[in-house]
1. Sorted from fewest to most neighbouring beta carbons within 10 Å, what does the list A:C21, A:C38 look like?
2. Ordered by packing density, taken as the mean number of other Cβ atoms within 10 Å over each peptide's residues, highest first, how do A:461-472, A:295-306, B:202-213, B:67-78 rank?
3. Just to be sure I understand the curve: with the Debye formula and one point per C-alpha of region A:5-196, what is log10 I(q)/I(0) at q = 0.14 Å⁻¹?
4. Based on C-alpha coordinates, I'd like the Rg and Dmax of region A:338-409, in Å.
5. Over 19 Å between Cα atoms: which of A:K344/A:K510; B:K92/B:K226; B:K92/B:K134; A:K301/A:K344 fall into that group?
6. So how tilted is helix A:378-409 from the main axis of chain A? Cα-based, degrees 0 to 90, rounded to 10.
7. How many partner chain Cβ atoms sit within 10 Å of a residue's Cβ in peptide A:47-57, on average, as a whole number?
8. Once Lys and Arg get +1 and Asp and Glu get -1 on their Cβ, which of B:L190, B:S203, B:L220 lies farthest toward the positive end of the dipole of region B:80-225?
Amino acid sequence: MKKLTVGIVTCASMREQIEECLASLESSFRIYPIAPACTFSMKIELFRHYLDKATTENDVTLLSYGICHPQLLPLLAKYRNRVVKLEGNNCYEMFLGSEKYAEYHRKCYWMLNKAFLTTWKNELLTGFGAGTSKAGTLIGDAFKKLVYVRFDKDELSVDLVEDFARTVGLEYEICSVDTANLNRLLEEALASAYSTVKVKTPKSLVSYPQESEMRTMLESISEVIYKVDIHTKQFTFVSPQVKRILGYTPSEFLDIMNDYLRTSFYHQDDRHRVVAGRYNFLVRCLNEGMQEPYDAEYRAKHGNGDELWVKESVYPSYSSDGIIESFVGKITDITERKKLDQLKDDFIGLVSHELRSPLTVITGAVNTALTEGARLSPGETRQLLKDAALEAELLSNLLGNLLELSRVQANRLVLYAEAISVKKVIQDTVEEMKRLSSAHQFIVNIPRKLPPVYADQLRLERILHNLLENAVKYSPQGGQVQVSVKPEEEHLVIGISDQGVGISLSDQAKLFEPFQRLGQSRLEGVRGLGLGLLVCRRLVEAHGGRIWLKSEPGRGSTFFITMPLSHS
Amino acid sequence: MGDIGKINDKRVKEVETSQTQRKRSEEALTGSENRLSTLMKRIIDSDYDSIEELVAGSESYSIGEIHAFLNHIMVAWRANELTPAAMYALLKFVYIYLNQPGIQFSFKNRTPVPICYFSSYLPASASLLHSYLKTSSFAVGLFSLGETERHLREFIEKKRPPVVIFTISQFLHVHPLTKLVPYLHDRNLLVIIGGIPFVYDESLKLAFPGCIFPRDLNELALLLEKILKEDRDEEIDCRHSDLCIYARTN
């Protein structure tokens, strides 16, 4: 049988003991240390990341970790048959065996090993409030004694243990152990893993890309990968994509990143945060075994001078015996996502505003009518209620458009199409608009005989309503709004013209895209979400029709839609 | 429009008046919250060795305020804003505060509900549970089962409480609990269990058929309310010290 490779994802506090156990075993091992969840607040994604890495890189994977994270067991269930966990609920139970551990626990002894007394000493003392006069409450009430769980190969001075015990105000004793119990658990887990291992596809059957294909694949990667040396903390490698994505040659980029005094790459407001954050992360990884990737989003300068938004992630890369050998980072261009986020934020703000405005009027009018009804004349009451009704109608239309759009986005738009008379739909909609806006003049040109169209009447009404509403909004008071209909072979063409400000050619291209109104400077006093035309486009296209416009700045606009004829 | 303008002016004034009232009541609420925030800061910044002195020199707080304070502590802990030492100190303050001779409670039940734990020391979970239920007007008593269960069994035989609560802080305490539960079920007691091992490994619950695992303290309080309904005919006044005679054998 071929020699299997074994990945061991282990608590970093027991890495040395695991390594010692593995020396006597025959397989080829690779260690993936994870910081102790009993001391650090950690995300389950970190466990997922290392389990994924270990299961991908090895034939079998063991987990040498206590049940120290609330989501660890549910996560392990997803790796059934791929990862075998060593028996034991925590490190000391694995080191000492259940009975000895229970005995110490019953006596309220605080068990600590070398890693906690050295690497994580400060974190531990901070957590327990020790190192100051605050040690008493948690430690004094909960523990009677400190037990240093010492392994043969620990090279830890007793003075250090004594000093720690003095700091936390406890007596101490030393419990010398060997790795026999851990070794037994490891062998049991290995035997179990070997019995469930699945034979992988032989490498000969896997087709590897040719060099040219590989180059193409690498070039298409949309991330810049870099490497940082653990000793000098200097950038030592950057992938060639840096030219395409950030606009610098690899050597230019390395120069910039290694010279902290140069400010050319980072936005001046983000520079300190990113550089200091990254450096602190590297130091904490090396000194304290931190592993949660460092993530930062910041503004940077492209080689051509443009401003970019980038996302940077850095994480440690380990050698086969679980020691950090370098740091690997990646930089992704997220400018488009940031722009979209900004548009969405603006949109949400606008929606809240547009919903609140009519509600304020409705509430005010209705409350006034209710509280002051007796003192108001019938005319005043009618006016208040009329205001409320008008705003309610606007609100209803606004919500209607939002719902319609969400249906389209979720692919849940169902059309109830039938043969209908366009003439009646146009006349009804125009009448409604006249009621809402008495300041405009509406002219309707419809041929006497018109064939019926095959459409969803409510949706057609919404399309016409949105187009007429737009025409009214952007026309001056007293301006004309004209509706015309022209039959063609397969469809009817409906045109709606206004005498408004007109739209430039560059703006016309963006008019039917989502949130586009937000990109333009809003016209004074014009309400709405800027969704009307987008909804029109979606609904017209759902009918198999088309929407377009003719417009010139200062000379008004005409929007056209087509609706299929019933016979076609 | 002039009249409507006047009406609207009046309406605006009314709204302003009601908002002033609302602001005042919010200020009163904020006042209490400020007191609790100050208290929290004082405890965290203090020397944790002298919590007793801090309690002795503290202002007086209503039971409702202490209950709100416990909620503050839980929120801050979940938000990773407290170190274990700070949380323990805060809970210790509350525990000692509620045990002061002058604090009076009006409980909904006569027989104290046992809160049991298997450690020799008082774990934070038991301390929190005890204070939370006490400030929710439930008479409760602490039972440390680290050395022996005899005192719990005596209490059950003598007082016949309808329900027993267990808070389990270590995996190794799950085993002694499995041995104790059949005895409790034989006596028709409801058994409520909670603790970290059951959060970390939900499958452990399968070892306790017929037991109840509330999701949080609020659900536990509602559950107790329901269970103890029959015990609620008569309100009683008692001091905590009388109820705690079974606690801490060490």
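FYI, it's all coordinate maths here, none of it is from the lab. Just so it is clear, the model here is predicted, and its values are computed rather than measured. Cβ atoms come from the backbone with ideal geometry, glycine included; neighbour counts cover every protein chain shown.
1. By the 10 Å Cβ count, ascending: A:C38, A:C21.
2. Values: A:461-472: 22.9, A:295-306: 15.0, B:202-213: 13.5, B:67-78: 17.0.
For the peptides A:461-472, A:295-306, B:202-213, B:67-78, the packing ranking is A:461-472, B:67-78, A:295-306, B:202-213.
3. Taken in order of the listed q values, log10 I(q)/I(0) reads -0.81.
4. 16.6, 55
5. With Cα atoms farther than 19 Å apart: B:K92/B:K226; A:K301/A:K344.
6. So the helix axis and the longest Cα principal axis differ by about 50 degrees.
7. Average neighbour count from other chains, rounded to a whole number: 0.
8. So the residue we want is B:L190.
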